Amino acid sequence: MTVGAAPKGPVGVGLIGAGVISAQYLSNLTTFPDLEVRFVADIDLERAKSRAEEFGVAASGTVEQLLADDGIDIVVNLTLPSMHAEVDLAILAAGKHVWSEKPIATTAEDARRVLDAAAEAGLRVAVAPDTVLGAGLQTAFRAIADGRIGAPQTAITQVLNPGPDRWHPAPEFLFQAGGGPLLDLGPYYLSTLITVFGPVRRVSAVGSIARPERTVESGPRAGTTFEVTVPTYSALLIEFEGGTSAQATFSFQSALPRAGSFEITGTDGVIVLPDPNVFDGESELWTVASWTGVTGHDRPDPESIEAVGASTGRGLGVLELARAIAAGVPERASGALAAHVLDVMLAAAEASETGTTVAVTSTVSAPEPLPAGWDPTERTLA
Ligand SMILES: NC(=O)c1ccc[n+]([C@@H]2O[C@H](COP(=O)([O-])OP(=O)(O)OC[C@H]3O[C@@H](n4cnc5c(N)ncnc54)[C@H](O)[C@@H]3O)[C@@H](O)[C@H]2O)c1
């Protein structure tokens with residue numbers, strides 16, 4: 001595709017990194033009429049081949065072969081966090097747009113290099129999570145924008161579990177630089193917070209490592225031990241530029257798993273969102289007005305708000321990117337948002353190491369909600 005020109009017909013997509021999460025991406029990307037997955041690449045060529053065969057993708061091979069394919073306009077980067085920036089820079093150098101898994105990079109400098117390279121080449125970089133584009137969160141965002149809780153003031157969110165060493169066949173990257181629950185799970189919860197409250201001004205945090213050594217518990221490498229080098233518990237106090245605030249706790253060291261909970265208190269009510277790590281789910285609303293006439297220890301029942309919109313799953317962001325490129329409008333899961341989220345996470349890591357409050361110097365505009373009728377199953381680019 002000529003840089004800047006609107007694509008015609010389905011947009012060609014290539015995927016780099018045929019590991020665990022590639023199956024979810026491929027099962028969705030191969031169903032969107034506006035996209036056509038044309039190539040799967042991995043340093044492990046057998047893995048790339050078997051994933052391509054599993055999902056009926058025509059070609060597989062090396063990253064270089066994928067990048068040389070003129071039929072590919074957007075490349076989905078599903079490599080490990082420590083490789084994201086390097087692979088993104090190679091994709092951009094080949095003249096293709098990027099969708100990257102989170103985090104955008106493991107250092108602020110690398111994130112900046114990626115965004116600068118894209119700006120220079122007139123290409124886009126969009127970054128996970130795309131759960132923020134799912135029906136569950138989008139419906140909640142629309143309810144908040146409609147004033148259902150008044151002005152958002154504070155939020156409380158937490159996600160606690162024993163850790164991905166229980167289920168991931170190669171979990172080391174989730175416990176070392178670029179990982180931990182802060183960088184692995186933080187993007188879901190922080191992107192949601194920033195979408196509602198706007199950019200972050202400063203962060204304070206505490207963190208800890210419960211067990212400095214872990215063991216791979218599933219897959220062919222079960223029994224292998226490895227070192228934990230980043231906190232497996234992080235608790236953040238966040239202040240937004242607008243003066244509102246939130247608290248967020250992320251743990252890989254809880255024997256009592258709790259799926260992500262997320263509640264926002266506004267001047268007129270409270271909304272409980274679905275877990276920002278999933279695409280669907282209803283919200284619950286308590287308004288100050290609903291307490292009228294409620295006595296003693298009773299409490300009013302919440303109003304359920306059913307999710308309206310697309311809940312296909314991972315890959316929605318790739319489609320939204322393709323349509324945004326074609327329409328010449330900004331993509332919602334932007335690289336700038338991901339870079340700000342990374343800055344917040346790195347500020348939190350520094351705050352917990354130094355015992356200080358750390359300012360976040362970057363800023364970003366919160367993306368607009370998707371229209372309720374946005375439909376991934378529609379062909380819009382033919
Ligand atoms: N596993 C999950 O449930 C999950 C969920 C959401 C997001 N993610 C994100 O997706 C990304 C991948 O996670 P995963 O669990 O699939 O990891 P994984 O280890 O299962 O797979 C990573 C794949 O990338 C390949 N790879 C690594 N470096 C490469 C390079 N330079 N060029 C080509 N291929 C390369 C590896 O060979 C491997 O097949 C991470 O950023 C992770 O945070 C994972």
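The values are calculated or read from the model by the stated rules, or taken from the named source; none is laboratory data. These numbers were taken from a predicted model, which means no experiment stands behind them. Here Cβ is always computed from backbone atoms with ideal geometry, including for glycine, and neighbour counts include all displayed protein chains. The area values use the complete protein model at the heavy-atom level, side chains included, leaving out ligands, DNA and RNA. Shrake-Rupley method; radii C 1.70, N 1.55, O 1.52, S 1.80 Å.
Before moving on, here are some points about what is shown:
- Residue list for the stretch 337-359, restricted to those being assigned to a helix (DSSP H, G or I) and more than 13 Å from Pro187 (Cα to Cα): Ala347, Ala349, Glu350, Ala351, Ser352, Glu353, Thr354
- Strands (runs of 3 or more DSSP E) (entirely within the stretch 181-236) containing at least 3 residues that are buried (at least 23 other Cβ atoms within 10 Å of the Cβ) and either of a type in the set (Asp, Glu) or at negative phi (or both): 200-208
- Flag for Gly296 being buried (at least 23 other Cβ atoms within 10 Å of the Cβ), under 30 Å from Leu285 (Cα atoms) and either at pLDDT below 95 or in the same structural domain as Ile209 (by TED's automatic domain parsing) (or both): no
- Filtering Gly269, Gly373, Gly355 for residues that are of a type outside the set (Lys, Arg) and crowded, with 20+ Cβ neighbours inside 10 Å leaves a single hit, Gly269.
- Test: residue in the stretch 68-75 that is more than 10 Å from the ligand (Cβ to nearest atom), of a type outside the set (D, E, K, R) and more than 25 Å from the chain's Cα centre (by Cα): yes
- Selection count where residues are under 16 Å from Asp280 (Cα atoms) and either touching a Cys at 6+ places or on another chain (Cβ under 7 Å) or outside any loop (DSSP other than H, G, I, E, B) (or both), scope the stretch 123-151: 12
- From the options Ala18, Ala48, residue that is outside any helix (DSSP H, G or I), open to solvent by less than 20 Å² (accessible area, probe 1.4 Å), within 10 Å of the ligand (Cβ to nearest atom) and at pLDDT 95 or above: Ala18
For every residue, the table says whether it meets (1) within 25 Å of Leu89 (Cβ to Cβ); (2) at pLDDT 95 or above; (3) of a type in the set (Ser, Thr, Tyr).
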residue	(1), (2), (3)
Val114	yes, yes, no
Ala119	yes, yes, no
Arg124	yes, yes, no
Ala140	no, yes, no
Ile149	no, yes, no
Gln158	no, yes, no
Leu174	yes, yes, no
Gly178	yes, no, no
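- Every condition in (1) farther than 16 Å from Glu101 by Cβ; (2) assigned to a helix (DSSP H, G or I); (3) open to solvent by 10 Å² or more (accessible area, probe 1.4 Å); (4) in contact (Cβ under 8 Å) with a residue 24 or more places away in the chain holds for Glu120 except the one numbered (4).
- For Val132, the requirement of being open to solvent by less than 40 Å² (accessible area, probe 1.4 Å) and touching a strand residue (DSSP E or B) at 6+ places or on another chain (Cβ under 6 Å) is not met.
- Given (1) modelled with pLDDT of 95 or more; (2) open to solvent by 30 Å² or more (accessible area, probe 1.4 Å), index of the condition Val341 fails: (2)
- Matching residues in the stretch 129-179 - criterion: being among the polar types (S, T, N, Q) and either away from the ligand (no atom under 16 Å from the Cβ) or free of Cβ contacts under 8 Å to residues at least 24 places away in the same chain (or both): Gln138, Thr139, Gln153, Thr154, Thr157, Gln158
- Of the residues making up the stretch 27-45, those that are open to solvent by less than 40 Å² (accessible area, probe 1.4 Å) and more than 14 Å from Val75 (Cβ to Cβ) are Asn28, Phe32, Pro33, Asp34.
- Subset of the stretch 238-259 (residues that are more than 15 Å from Gly163 (Cβ to Cβ), under 22 Å from the mean Cα position of the chain (by Cα) and touching a residue at least 40 places away in the same chain (Cβ under 8 Å)): Ile238, Phe240, Glu241, Ser245, Ala246, Gln247, Ala248
- Scope the stretch 326-352; condition free of Cβ contacts under 8 Å to residues at least 60 places away in the same chain and over 21 Å from Arg124 (Cβ atoms); matching residues: Glu350
- Any hit, the stretch 89-108, residues being in a helix (DSSP H, G or I) and closer than 16 Å to Ser191 by Cα: no
- Yes/no for Asp110 being in the same structural domain as Thr195 (by TED's automatic domain parsing), without any contact (Cβ under 8 Å) to a residue 60 or more places away in the chain and either open to solvent by 10 Å² or more (accessible area, probe 1.4 Å) or within 14 Å of the ligand (Cβ to nearest atom) (or both): no
- Single match in Val57, Val76 (criterion: in a strand (DSSP E or B), at pLDDT 95 or above, of a type in the set (Val, Ile, Thr) and touching a strand residue (DSSP E or B) at 6+ places or on another chain (Cβ under 8 Å)): Val76
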